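Visitor: Quick one: the structure is below, questions incoming.
Just so it is clear, none of the values below were taken in a lab; they were calculated from the coordinates. All values reported here derive from a predicted model rather than from experimental measurement. Using ideal geometry, Cβ is built from the backbone for each residue, glycine included, and neighbour counts are taken over all protein chains shown.
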Amino acid sequence: MTQQAPCDVSSTIQPGQGQRLDDPDRLAALYRFAVLDTPAEEVFDRLTRLASRVLKAPVALISLLDHRRQFFKSSHGLGEPWASLQATPLSHSFCQYVVTSGRPLVVEDARQDPLLRINFAIEDIGVVAYAGTPLITDEGLYLGSFCAIDSEPRTWTDEDLEVLNEFSALAMKELDLRLQEARERAIYSSISDIVLLVGSDLNIQFVNQAVTSVLRRSIDDFVGHPATVVVHPDDRSNMTELFAIAMTARMSDASLEVRFQHGNGDWRWFDLSCTNRIHEPSIAALVVTARDITERKEAEQGVLTALEQQLMANSELEHSNRAQRDFISVVSHEFRTPLTSIQGFSEVIRDEELEAEEIQDFANEIYRSAERLGRLINDMLDLDRMQFGNVTFLQKSVQLNGVVQEIVRSLERVSADHILVMNLDPTMPEFMADRDRLIQVVTNLVRNAINYSPGGGQVIVSTIRENGYAHLTVQDEGLGIPEEALETIFDRFTRVRTKEHKSVKGTGLGLPITRQIVDLHGGDVWVESTLGVGSTFHVRLPIASSA
Amino acid sequence: MATIVFCEDEASIRKLILTSLRASNHEILMAENGAEGLALIEERRPDVVFTDIAMPVMDGYELWSRIQAHPELRQTPVAVITASVQRDQVEHLKTLGLVHYLAKPFTMSGLREKVREMVEIAALHSTSATQ
């Protein structure tokens, strides 16, 4: 608070108990108030106007002294050019003595004063009587003087001095407030947090300048609008909920992460914290602070994405390792079985005395097993060639229904437990395809249908002519395929891993080969299945290019 | 003379086993899968069982657990004949208690040796059971 100067009426300047004009502490304080060379303001003008009236003095000034001049933050009744200049040189200043003496200066008639009568203020400004009281900071630094001036000689009363002291104190109080405000503004503007005051109607009542720098938006984009105005649609309900919680729970602090839309259209992440000050009359709102956390969020997202990619890569690797292990185990198994026959029967033929008939029989076993090994090797090589594109198809006009009939006839006797049913579209045209490959596809699917329905049942092979396509389906009443395996069964060497499926012989090469062949014909292959009910394999081949 | 049940889904391997063991005086019974094998084992109470692992209808694992669950059959020595001979597969068999196995492809002498060994184990079992 401003100190009151002692009221000591004196007609002469007192010896210095104040500060020199160039005192660095005093000047530093003066500059800190940032009031020099600022325009007149009504709050100060009101003080000088009032002082002039109360004291019945024609002139009243709020004068601030640096080391070269006096600056008038406010002047009342001052002549030109000084009023406009808001300043005079020290040669025209009485107020400087208030600063240097640290006491009020009271002059009845300056012309009679041995020290003041040479002051240019007398001649140039018309100062005859003068009374000034110091403007003192909290730290006891003298910034200047609040003074009243008369062009006639005047006897200043104790009461006049008291009034002036009051005005000095008021002016000083105002300067303090300005300093406080300036500091707050400086702090405020340096804060990048957005501060919103949100009323109980959830409309924005106030927003700070930060929106202009942080979001490149104007204050008008916010004030009077709902609090969710530039919030991401997905975050709005969360935000409204946060406010509802904050309003019902008095003084609670709640926070949330939401996206605000930047002026350039980008979404930026903010950490929102909300304090309920609805019940404080001076605010009567929710105080919402929003801090930009986009960079942190992006960094987090980056880490997450990297982690996901890593996990994905790991799981892909694991999958391919597992598929590789499955492949080796399946291939090893599939090779060893015929190899056992070849080795065993040849051993028997070599070591035992046998009838010619038996030798013939065992040789047949060896031959069949060797054939099986050969097929296995061919399948693997075939798939490899197709996958690496080293295969040429013999495109000829093919009758699909004929192919199906041929295969069904040849497989009918394979299993006594299965009934093969054909449901062929008589309008199916001939189309261009590699007949042998088509036979491979249909055979694979029909054999699978039989093998994977160990309980028997119907296998229905249908052809349907669709718009530009030949659609073949093979439907069974078998084990079915778990949902997670519907795609992977078409991958190389991947087999369904349930016990029932594992008990069915297979290399895991049939479906990959089927897909390769269908792909190379420009078609699609897929499966629909219910575990325990059965599967339907679909093949769709284009017939548009048919001759 | 012992009674031996073989569970094997490959016809040519069944034929091979029968051929290589026909000189022995054992009674050899053949089943095409685990289910047939179990029925045969329950009916004939063999001294030894040989089983494949990958078979339709009922695989070798299931057969083994059924035998283990059966109080009167659980003492029957069981050997696995399998083409799944990778280390982890063999380890898995051991953890299940299937410690005897013959890997495919096998030689005739290998098969006969394994049969002799399993019959001996069966004899030891029955001796300790009667004592």
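Visitor: DSSP loop trypsin sites (Lys or Arg not before Pro) in segment A:192-294 with at most 15 other Cβ atoms within 10 Å of their Cβ, which ones?
Guide: On the way: sites: A:R216, A:R217, A:R236, A:R250, A:R259, A:R268, A:R277, A:R291; in loops: A:R216, A:R217, A:R250.
The qualifying sites are A:R216, A:R250.
Visitor: Okay, moving on. Tally Lys and Arg at +1 and Asp and Glu at -1 over the other residues with C-beta under 14 Å from the C-beta of A:E181: what net charge comes out?
Guide: +1
Visitor: Ranking A:T488, B:T127, A:T514 by Cβ neighbours within 10 Å, fewest first, what do you get? The partial results should precede the final answer.
Guide: On the way: A:T488 17, B:T127 9, A:T514 22.
Listed from fewest to most nearby Cβ atoms, that is B:T127, A:T488, A:T514.
Visitor: Could you compute Rg(Cα) / (2.2 N^0.38 Å) for chain A, with N its residue count?
Guide: Normalised by 2.2 N^0.38 Å, the Cα Rg of chain A equals 2.08.
Visitor: Moving on to the next point. Just to compare against my own numbers: the Cα pair-distance distribution for segment A:164-263, 10 Å bins, whole % per bin, please.
Guide: Pair shares across the bins are 14, 35, 26, 14, 9, 3, 0.
Visitor: Excluding residues fewer than 8 places away in the same chain, name every one of the aspartates and glutamates whose C-alpha is closer than 15 Å to that of A:K173.
Guide: Result set, ordered by chain and number: A:E41, A:E42, A:D45, A:D138, A:E139, A:E181.
Visitor: Which residue, chosen from B:A23, B:M118, B:W64, occupies the Cα position most advanced towards the positive end of the dipole of chain B, where the dipole is computed from +1 (Lys, Arg) and -1 (Asp, Glu) charges on Cβ about the Cα centre?
Guide: Value: B:A23.
Visitor: Within segment A:119-148, name every residue whose backbone N is under 11 Å away from a label modeled 7 Å from Cα of A:R111 along the Cβ vector.
Guide: Only A:123, A:127-129 fall inside the zone, counting backbone N under 11 Å.
Visitor: Averaging the inverse of every distinct alpha carbon separation and then flipping it gives the Kirkwood radius. What is it for segment A:257-303, in angstrom units?
Guide: Details: mean 1/r = 0.0820 Å⁻¹.
Over segment A:257-303, the inverse of the mean reciprocal pair distance is 12.2 Å.
Visitor: Aspartates and glutamates within cross-link reach of A:K297: Cα-Cα under 12 Å, excluding same-chain residues under 8 positions apart?
Guide: The reachable aspartates and glutamates, counting only those whose Cα sits under 12 Å from A:K297, are A:E257, A:D271.
Visitor: For A:L531, list long-range residues whose amide hydrogen, built 1.01 Å from N in the peptide plane, is under 5 Å from its own amide hydrogen.
Guide: Amide H neighbours of A:L531: A:I481.
Visitor: Could you give the size of the charge dipole of chain B about its Cα centre, using +1 on the Cβ of each K and R and -1 on the Cβ of each D and E, expressed in debye and rounded to the nearest 20?
Guide: Value, rounded to 20: 340 debye.
Visitor: Now for a different question. When only DSSP loop residues count, what trypsin sites (Lys or Arg not before Pro) in segment A:38-88 have their Cβ near at most 16 other Cβ atoms within 10 Å?
Guide: Details: sites: A:R46, A:R49, A:R53, A:K56, A:R68, A:R69, A:K73; in loops: A:K56, A:R68.
Those satisfying the criteria are A:K56, A:R68.
Visitor: Starting from the Cα gyration tensor of segment A:48-170, multiply each eigenvalue by 5, take the square root, and state the resulting semi-axes largest first in whole Å.
Guide: One finds semi-axes of 18, 17, 15 Å for segment A:48-170.
Visitor: Still on this model: Applying the Karplus parametrisation 6.51 cos²θ - 1.76 cosθ + 1.60 with θ = phi - 60° to the phi angles of segment A:376-383, what ³J(HN,Hα) value in whole Hz is obtained for each residue in order, glycine and proline being reported as x?
Guide: 4, 5, 4, 4, 4, 5, 4, 4
Visitor: Let me ask another. Roughly what percent of Cα-Cα pairs across segment A:364-476 reach past 16 Å?
Guide: 67 percent
Visitor: Something else now. Would you calculate a helix-derived [θ] at 222 nm for chain B, using -39,500 (n - 2.57) for each DSSP H run of n ≥ 4 and dividing by the full residue count, to the nearest 500?
Guide: Working: 5 runs with 64 residues, N = 131.
About -15500 deg cm²/dmol.
Visitor: Now, a different point. Treat each spin label as a single point 7 Å out from the Cα along the C-beta direction, and report the A:L354 to B:T127 distance in nm.
Guide: Label-label distance for A:L354 and B:T127, simple model: 3.7 nm.
Visitor: ³J(HN,Hα) across segment A:120-136 via Karplus (A = 6.51, B = -1.76, C = 1.60, θ = phi - 60°), whole Hz, x for Gly/Pro?
Guide: Here the 3J(HN,Hα) series is 5, 4, 4, 6, 7, 10, x, 7, 10, 9, 9, 9, x, 10, x, 9, 10 Hz.
Visitor: Enumerate the amide H contacts of A:Y469 below 5 Å, restricted to partners 5 or more residues apart or on another chain; note that Pro and chain-start residues carry no placed amide H.
Guide: A:I543
Visitor: Just the Cα atoms of segment A:94-148, one point each, no solvent: what log10 I(q)/I(0) does Debye give at q = 0.12, 0.21, 0.30 Å⁻¹?
Guide: Treating every Cα as an identical point scatterer, log10 I(q)/I(0) equals -0.27, -0.72, -1.18.
Visitor: Ok, one more. Would you mind checking which residues have amide H under 5 Å from B:N33's amide H? H placed 1.01 Å from N; only 5 or more apart, or other chain.
Guide: Long-range HN contacts for B:N33: B:E8.
Visitor: Counting C-alpha atoms alone, how compact is chain B: give Rg to one decimal and Dmax as a whole number, in angstrom.
Guide: Taking only Cα atoms of chain B, I get Rg and Dmax of 13.6, 41 Å.
Visitor: Compute the normalised compactness of segment A:314-419: alpha-carbon radius of gyration over 2.2 N^0.38 Å, N being the residue count.
Guide: That ratio works out to 1.54.
Visitor: How far is helix A:42-55 tilted, in degrees, relative to the longest principal axis of the Cα atoms in chain A, given as a value from 0 to 90 rounded to the nearest 10?
Guide: 20 degrees
Visitor: Can you list the chymotrypsin sites (Phe, Trp or Tyr not before Pro) in segment A:300-395 that are in a DSSP coil and have 12 or fewer other beta carbons within 10 angstrom?
Guide: Filter output for segment A:300-395: A:F388.
Visitor: Further question: Within a Cβ distance under 13 Å of A:L420, other residues only, what is the Lys/Arg minus Asp/Glu net charge?
Guide: Its environment carries a net charge of -2.
Visitor: Give, as a single signed number, the net charge of other residues whose beta carbon lies under 14 Å from the beta carbon of A:E528, with Lys and Arg counted +1 and Asp and Glu -1.
Guide: Values: positive: A:R540; negative: A:D476, A:E477, A:E483, A:E487, A:D524.
Local net charge: -4.
Visitor: Ok, one more. Return the distance in nm (one decimal) between the two label points of a simple spin-label model at A:D384 and A:T530, each offset 7 Å from Cα along Cα→Cβ.
Guide: 4.2 nm
Visitor: Sticking with this structure for a sec: Apply the Karplus parameterisation 6.51 cos²θ - 1.76 cosθ + 1.60, with θ equal to phi minus 60°, to every residue of segment A:363-373 and state each ³J(HN,Hα) to the nearest whole Hz, in sequence, with x for glycine and proline.
Guide: Along segment A:363-373, the couplings run 4, 4, 4, 4, 5, 4, 5, 5, 4, 4, 4 Hz.
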